[in-house]
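> Can you read through this structure? Questions will come right after.
Each reported figure results from applying straightforward, stated rules to the coordinates on display, with no laboratory input. No experiment lies behind these values; they were computed from the predicted model shown. When we count neighbours, we look across all protein chains shown, and the Cβ atoms used for this are built from the backbone with ideal geometry, even at glycine.
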Amino acid sequence: MTSYLRIDHVDKNFIRGGAETKVLSDVSLSVEKGQFVSIIGHSGCGKTTLLNIVAGLTRASTGGVLLENREVNDPGPDRAVVFQNHSLLPWLTVYDNVRLAVDKVHRSTKSRSERHAWTLHNLDLVQMTHAKDKRPAEISGGMKQRVGIARALAMEPKVLLLDEPFGALDALTRAHLQDSVMALHQKLGNTVLMITHDVDEAVLLSDRIVMMTNGPAAQIGEILDVPLVRPRKRLELAGNTTYLKCRQRVLEFLYERHRFVEAA
Amino acid sequence: MNMPAVNPQPARAIEPPIGKVLRLQSQRPKFSLSRAAAIGGDIAARVIPPMIVIALIVLVWEVLCRRQGATLPPPSRVIADTWDLITDPFFDNGGLDKGLFWHLSASLQRVAQGYALASIVGVALGTLVGQSTWAMRGLDPIFQVLRTVPPLAWLPLSLAAFRDGQPSAIFVIFITSIWPIIINTAVGIRNIPQDYRNVAAVLRLNPLEFFWKIMIPSAAPYIFTGLRIGIGLSWLAIVAAEMLIGGVGIGFFIWDAWNSSHISEIMLALVYVGIVGFVLDRIVAGIAHVVTRGTAAS
């Protein structure tokens, strides 16, 4: 079986002070090129750990990640990450934050002026050209996340990893950004792996939703295909039966079968 | 949870007014008489209190030292005694008989050399200690012990090693000011947020790029705290060191004045030492302010 991105029997144990905790247990997942896959689960279930393993920021204890049939162990720009808290460098302007990534990734393939144009092009994709000379502290949370997305897109990643990208935003900004991400996915055809804890967000954006059981030793509980045609319109979907059915399935999984157990 | 019910239109509709508000803010405020008066009042509020306090101190000093049997001269006497030194800081009669400008500049040159060396070595060692756990465990106890050694205790050792006053003084400056630079740099490097390290990892920055593009800017506020403490300590140490090694320098000038019982000259020199120390501190603080703009806020 060959898929674009394959997470193959991944286990992750954290060892702290002699005590071993199993975070992920036998997680296997295949993602096809151009697919938008969401991973949903209660907090503490190891979603972010799984994303970090795909990003190469954390090593799997056993098992591995294959991208185009090559094992990936180290972080790299082919798996660009949009971090939850934007992670822009505060001493650089918006432009320079993106340019840093462009310069590093495209140094050998693009000339100076091409890199400049590519930086502006990616800022334009997320509609942030107007703030290119501002520093991260001078723009809003939603704008920072847009710049984070522009920085990741500018690396031309094979897989775009989104770690709860809208988690820290208010509902209106979040909806606006979700629409932007959908439009970008439509336009660029990226393969996307997104962590979320928002059911509507998962159903609206994804082709497939991976539902994770509660930790410790979290597993993939269920994988749901979302057979909604694209482009999707938020308003039209509000009454769509397929949409509501998918939403219902995820809600049932999260709140009936795998309710969040309060840690004592 | 009611995401489908959220209408994206309002979010877009809000945008233009936001832009308008920003434009209004960025407009330069018009100059007006009331504004000028407000600025003037602000300056006066800052300048007048220290002026009054200084005047009071000088007055008390004058009154106390005017009495019979006072061991120190009053300010009026100090100014009268040192009028030649105040009005002509640039004279040079050869040897050690020079104006205060030359003494101060000689001291500043020593500080500049020792401090520059301490900054470079201190940031490098601090980076090493901050970045490598092994280096921290190995070096940190040594640093913690050595940094408590008083500056002048190093002087005999450096005189023995260099057999010359000039390099010995520079070494004393170096060894005095390096510890806060090392320790603060190390703390700054250790406090680089994991987020920035993740960004660097995803971008595959090499160690040199990581040093210049992430480490130095991220640790800059800490490094400059160390540099600022360092410049203060250097200036403290130079006066003491020069008293012992002799030659041209403000420390020697003070010692020489004491030996010739020119108490007024000592007082004048102290004023200059204080002002120069203050200016040095402000210069480093100013550079820090410019360099770390934007780093503090995230």
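> Springs between alpha-carbon atoms under 10 Å, Gaussian network over chain B: tell me which of B:69, B:286, B:251 tops the mean-square fluctuations.
The residue with the greatest mean-square fluctuation here is B:69.
> Aspartates and glutamates near residue A:33 by alpha-carbon distance under 20 Å, same-chain residues fewer than 8 away left out - which ones?
Excluding near neighbours in sequence, the set is A:8, A:68, A:71, A:78, A:156, A:163, A:207, A:225.
> Would you please calculate the Kirkwood hydrodynamic radius of chain B over all C-alpha pairs and express it in Å, rounded to one decimal? Write down the numbers at each step before the final one.
Numbers: mean 1/r = 0.0419 Å⁻¹.
Over chain B, the inverse of the mean reciprocal pair distance is 23.9 Å.
> Helix B:194-203 versus the longest principal axis of chain B: what is the Cα-based angle in degrees, 0 to 90, to the nearest 10?
Once rounded, one gets 70 degrees.
> Take residue A:168, project a point 7 Å from its Cα along the Cβ direction, then tell me which residues of the range A:47-88 have their backbone nitrogen under 12 Å from it.
A:83-88
> Can I ask one more? Helix B:250-259 sits at what angle to the longest principal axis of chain B, using alpha carbons and giving 0 to 90 degrees rounded to 10?
30
> For B:203-214, what's the mean count of beta carbons from other chains sitting within 10 Å of each residue's beta carbon?
Working: counts 11, 7, 2, 1, 0, 0, 3, 0, 0, 0, 7, 3.
Averaged over the peptide's residues, the number is 3.
> In whole Å, how far is the Cα centre of the range B:58-126 from that of the range A:28-85?
So the two Cα centres are separated by 65 Å.
> Cα axis of helix A:94-105 to longest principal axis of chain A: angle in degrees, 0 to 90, nearest 10?
Helix A:94-105 sits roughly 80 degrees off the main axis of chain A.
> Further, regarding this structure: Defining a contact as two alpha carbons under 8 Å apart and six or more residues distant in sequence, what relative contact order in percent does the range B:86-232 show? Before the final figure, lay out the partial values.
Numbers: 145 pairs, mean separation 41.3, N = 147.
Across the range B:86-232, relative contact order equals 28 percent.
> Using Cα-Cα distances under 8 Å and only pairs 6 or more residues apart, what relative contact order does chain A have, in percent?
That works out to 25 percent.
> Under 5 Å between amide H atoms, partner at least 5 residues away or on a different chain: which partners does residue A:218 have, H built in plane at 1.01 Å?
Counting only residues 5 or more places away or on other chains, the set is A:24, A:25.
> With a Förster radius of 60 Å, plug the Cβ-Cβ distance of residue A:259 and residue B:97 into 1/(1 + (r/R0)^6) and report the FRET value to the nearest 0.05.
Values: r = 90 Å, r/R0 = 1.50.
With R0 = 60 Å, the Cβ-Cβ based efficiency is 0.10.
> If neighbour count is taken as other Cβ atoms inside 10 Å, put A:197, B:262 in order from fewest to most. Write down the numbers at each step before the final one.
Working: A:197 16, B:262 19.
Placing the least packed residue first, the sequence is A:197, B:262.
> Also: If you build a Gaussian network model of chain B, linking Cα atoms that sit under 10 Å apart, which residue out of B:36, B:237, B:55 swings the most?
Answer for the Gaussian network model of chain B: B:36.
> Which whole-number percentage describes the relative contact order of the range A:90-156, with Cα contacts under 8 Å and a sequence gap of 6 or more?
Working: 68 pairs, mean separation 33.2, N = 67.
After rounding, I find 49 percent.
> If you build a Gaussian network model of chain B, linking Cα atoms that sit under 10 Å apart, which residue out of B:40, B:126, B:247 swings the most?
Per the Cα network of chain B with a 10 Å cutoff, B:40 tops the list.
> With θ set to phi - 60° and the Karplus curve 6.51 cos²θ - 1.76 cosθ + 1.60, what are the ³J(HN,Hα) couplings of the range B:276-286 in order, to the nearest whole Hz, using x for Gly and Pro?
5, x, 4, 5, 4, 4, 5, 4, 5, 4, x
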